[in-house]
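Just so it is clear, none of the values below were taken in a lab; they were calculated from the coordinates. Keep in mind it's a predicted model, so treat the numbers as computed, not measured. Positions of Cβ are generated from backbone atoms using ideal geometry, with glycine treated the same way; all protein chains shown enter the neighbour counts.
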Amino acid sequence: MNAVGSAQIWNGSIDILIVGEGIDEAAIHASKLDGVDKILKFDAPHLNHSLAEDVANIIFKIGKEYNVIIAPHTWFSRNILPRAAALLDVSMISDVLEINEDNIYIRSTYAGNVHAKLKSDDPIQVLTVHSSKFNAVGLNGNAKIIDSKVPEALNLSRWEKEKKIESDRPPLINAKVVISGGRSLGSAEQFNEVLTPLADKLEAAIGATRAAVDAGYAPNEIQVGQTGVVVAPDLYIAIGVSGANQHIYGMKDSRVVVAINNDPDATIFKFADYGLVADLFEAVPEMATLVSKT
Amino acid sequence: MKILVAIKRVQDYNIKVRPKSDGSDVDLEGVKMGVNPFDENAIEEAIRLKEEGFASEIVGVSIGSSLSQDVLRQSLAMGVDRVILVEAEEVLQPLAVAKVLKKVVEKEKPDLILLGKLALDSDAGQTGQMLAGLLNCSQATFASSIEIKDGEVFITREVDGGTESIVTKTPTVLTADLRLNEPRFVKLPNLMMARKKPIETIKVDDLGVDVSSRLNTISVSEPLPRKEGIKVKDVKELLQKLNDIEGLKI
Ligand SMILES: Cc1cc2nc3c(=O)[nH]c(=O)nc-3n(C[C@H](O)[C@H](O)[C@H](O)COP(=O)(O)OP(=O)(O)OC[C@H]3O[C@@H](n4cnc5c(N)ncnc54)[C@H](O)[C@@H]3O)c2cc1C
Ligand SMILES: Nc1ncnc2c1ncn2[C@@H]1O[C@H](COP(=O)(O)O)[C@@H](O)[C@H]1O
């Protein structure tokens, strides 16, 4: 939805590509997005796991008819879009923060420490956008759904299995509230015992630092930062997190940041709207008790 | 099996790079440089596959100025067999790097091509996928585990909200995540030995590929810092402050 919002800058007609197996429902949902012309549906059994080779091939086949190819900056598109760009012999602009006229963009480089303003000379603009920087469009549209002919399977790789984290919590990427724990939680048990009650109260997703993940306190999938997930919730609470560059990268666009750390000089406080110097093992349970929302 | 590893020389991950005062470019003067961390995982994985008997030869390649010799030597010291430097004075963009690597792949004919999932300077995360596209071969990005069974390559990789396992046909392009392994420390004698090994050097112009920049940097700047926040004295005050923020429901 935010990608569609970002695409409106070009003032052209907008089509949406949907690839998969049994995707009628998704296509109908997409057809309601405001300002969209057509939904190009590529539905086939061999597309059920969206292997990069096959999806990029589809984008390559249809891409020449477009001036701009845009997707949100997720693992899914990061896997596929560069391949499609290379097939089209154009460069790609990753994780765009701002789009200006004349194909001028702002994106972050050097681990988020430098913003670069650049202009693309390519005939087709291929980019992923940092979703939280763009407004989502509404759902009052009525786009045409077009069943497209699917190219044959390339059979270069095959899907085996997947492991999705099962949780009743909102997914990390679009949660309104995220609370993240660091290495200082000390063990997997304590990570859960300390963070879960507060997360439940706040209906928050739980994130972790790489140090917490490496120590085995939390699963890979919830790592926030440069190597993990980039989040931008309304409220981000960093608990026992030092504030390493690579972690900041993943949360600095949050609307309100709270840090709880027992070291008054911890870097994380420089990025926090509200800092509380306290022992997390006391402050977090207290917070869980005092928060009124249920 | 033969393995090619792409190794980029970038700033040390602890260093906060800043723009030059005129905003024309980043200031790398005196900045500590080294092997891109994800490429270190790629090198380590190649060496492990060789140690486990799956690989026969590991070739390392870097594209950059003559300064990139140091990262190639580092890879030799870790256990890479042979290295190639494709000398280019300009910093090449991912599409150009992918085109250069394609030439190297055509010459070396590796079965596995390992890259990092992201270079710390470009923050692009594109080169591996682009190379796989140019080669029309299989790809598996953001790999946290790589195994070889019966000539097939099994990869666990990162997807939104979890991981998936896929199997790719060789030749295949894989990009390494930090979780793939723990890169080994280089022992000083190995580094001394690596100094004596030859580096095959190719001029990028001799490869006959279009390496021109398609993306032109207009200026660079430091991101606006977050507004300096305040310290609260206790949990009660914190919750009060949060409750006062419009639109934030606590
Ligand atoms: C290439 C690369 C990529 C990386 N990517 C990421 C990434 O995506 N995400 C990420 O998070 N990291 C990443 N890292 C790692 C990063 O550099 C840091 O090592 C990591 O973020 C530190 O995690 P931490 O804050 O949990 O641990 P530490 O740095 O050990 O900090 C622990 C903090 O807890 C505080 N503390 C201790 N006890 C208590 C207590 N009782 N109460 C309150 N506070 C307490 C301490 O004061 C300290 O500030 C990456 C590193 C590299 C090299
Ligand atoms: N100049 C280069 N020389 C060697 N390898 C490179 C170069 N540029 C990129 N790579 C490889 O491509 C990966 C991803 O880079 P990027 O697409 O720039 O994020 C890196 O981790 C390297 O393995």
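Could you give the nm distance between label points at B:Leu224 and A:Asn174, where each point is 7 Å from its Cα heading toward the beta carbon?
Rounded to a tenth, the inter-label distance reads 2.7 nm.
Taking the DSSP beta bridges in the protein assembly as shown as the whole, what percent of them are antiparallel, to the nearest 5? Write down the numbers at each step before the final one.
Numbers: 41 of 110 bridges.
The answer is about 35 percent antiparallel.
Please give the net charge around B:Lys50, taking every other residue with its beta carbon less than 12 angstrom from that of B:Lys50, where Lys and Arg add +1 and Asp and Glu add -1.
Working: positive: B:Lys2, B:Arg48; negative: B:Glu44, B:Glu45, B:Glu51, B:Glu52, B:Glu57, B:Asp81.
Net local charge, B:Lys50 excluded: -4.
Amide H neighbours of A:Ser180 under 5 Å, counting only residues 5+ apart in sequence or on other chains, H built in-plane at 1.01 Å?
A:Gly207, A:Ile237, A:Ala238, A:Ile239
For B:Ser21 and A:Asp102, what does the FRET efficiency come to when R0 = 30 Å and r is the distance between their Cβ atoms, rounded to the nearest 0.05?
Working: r = 26 Å, r/R0 = 0.88.
My answer for the efficiency is 0.70.
Return a whole-number percent for the relative contact order of the stretch B:2-225, with Cα pairs under 8 Å and 6 or more residues apart as the contact set. Show your work: numbers first, answer last.
Values: 468 pairs, mean separation 58.2, N = 224.
After rounding, I find 26 percent.
So what's the gap between the Cα centers of the stretch A:95-151 and the stretch B:1-75, to the nearest angstrom?
29
What is the set of long-range amide H partners of A:Val68 at a cut-off below 5 Å, with H atoms built 1.01 Å from backbone N?
Amide H to amide H, under 5 Å and 5 or more residues apart or across chains, A:Val68 pairs with A:Gln125.
Using the 10 angstrom Cβ neighbour count as an exposure proxy, how do A:Tyr110, A:Tyr236 rank, fewest first?
Working: A:Tyr110 23, A:Tyr236 28.
With the sparsest Cβ surroundings first, the list reads A:Tyr110, A:Tyr236.
Which cross-chain or sequence-distant (5 or more) residues have an amide H under 5 Å from the amide H of A:Val229, H modelled 1.01 Å from N in plane?
Amide H neighbours of A:Val229: A:Gln223, A:Val224.
Cα centroid distance between the stretch B:100-160 and the stretch A:10-60, in Å?
What the calculation gives is 26 Å, centre to centre.
Taking neighbour counts of Cβ atoms within 10 Å as a proxy for exposure, in what order, fewest first, do A:Ser131, B:Ser213 appear?
Values: A:Ser131 23, B:Ser213 15.
Least crowded to most crowded, the residues run B:Ser213, A:Ser131.
Report the calculated FRET efficiency for B:Lys107 and B:Asp210 (r = Cβ-Cβ distance, R0 = 25 Å), to the nearest 0.05. Walk me through the numbers on the way to the answer.
On the way: r = 18 Å, r/R0 = 0.73.
About 0.85, to the nearest 0.05.
Would you please name the chymotrypsin sites (Phe, Trp or Tyr not before Pro) within the stretch B:123-188 that are DSSP coil residues with at most 16 other C-beta atoms within 10 Å of their C-beta? List each step's numbers first, then the result.
Working: sites: B:Phe142, B:Phe154, B:Phe185; in loops: B:Phe185.
The qualifying sites are B:Phe185.
Looking at the stretch A:1-78, which GluC sites (Glu not before Pro) are in a loop (DSSP not H, G, I, E or B) and have at most 16 other Cβ atoms within 10 Å?
Numbers: sites: A:Glu21, A:Glu25, A:Glu53, A:Glu65; in loops: A:Glu21, A:Glu65.
Those that pass, being in a loop and sparsely packed, are A:Glu21, A:Glu65.
Restricting to DSSP H runs of at least four residues, report the calculated mean residue ellipticity at 222 nm for the protein assembly as shown, -39500 (n - 2.57) per run over all residues, nearest 500 deg cm²/dmol. Before the final figure, lay out each step's value.
Working: 14 runs with 142 residues, N = 544.
So the helix-based figure for the protein assembly as shown works out to -7500 deg cm²/dmol.
Would you work out if chain B is rounded, prolate or oblate? Take a ≥ b ≥ c from the square roots of the eigenvalues of the alpha-carbon gyration tensor; rounded if a/c is under 1.5, else prolate when a/b is larger than b/c, oblate otherwise.
Values: a/c = 1.88, a/b = 1.48, b/c = 1.27.
Cα axes put chain B in the prolate bin.
Rank these for me by crowding, A:Phe271, B:Phe38, going from fewest to most other beta carbons within 10 Å. Intermediate results must be reported in sequence, preceding the final value.
Working: A:Phe271 22, B:Phe38 25.
Ascending number of Cβ neighbours within 10 Å: A:Phe271, B:Phe38.
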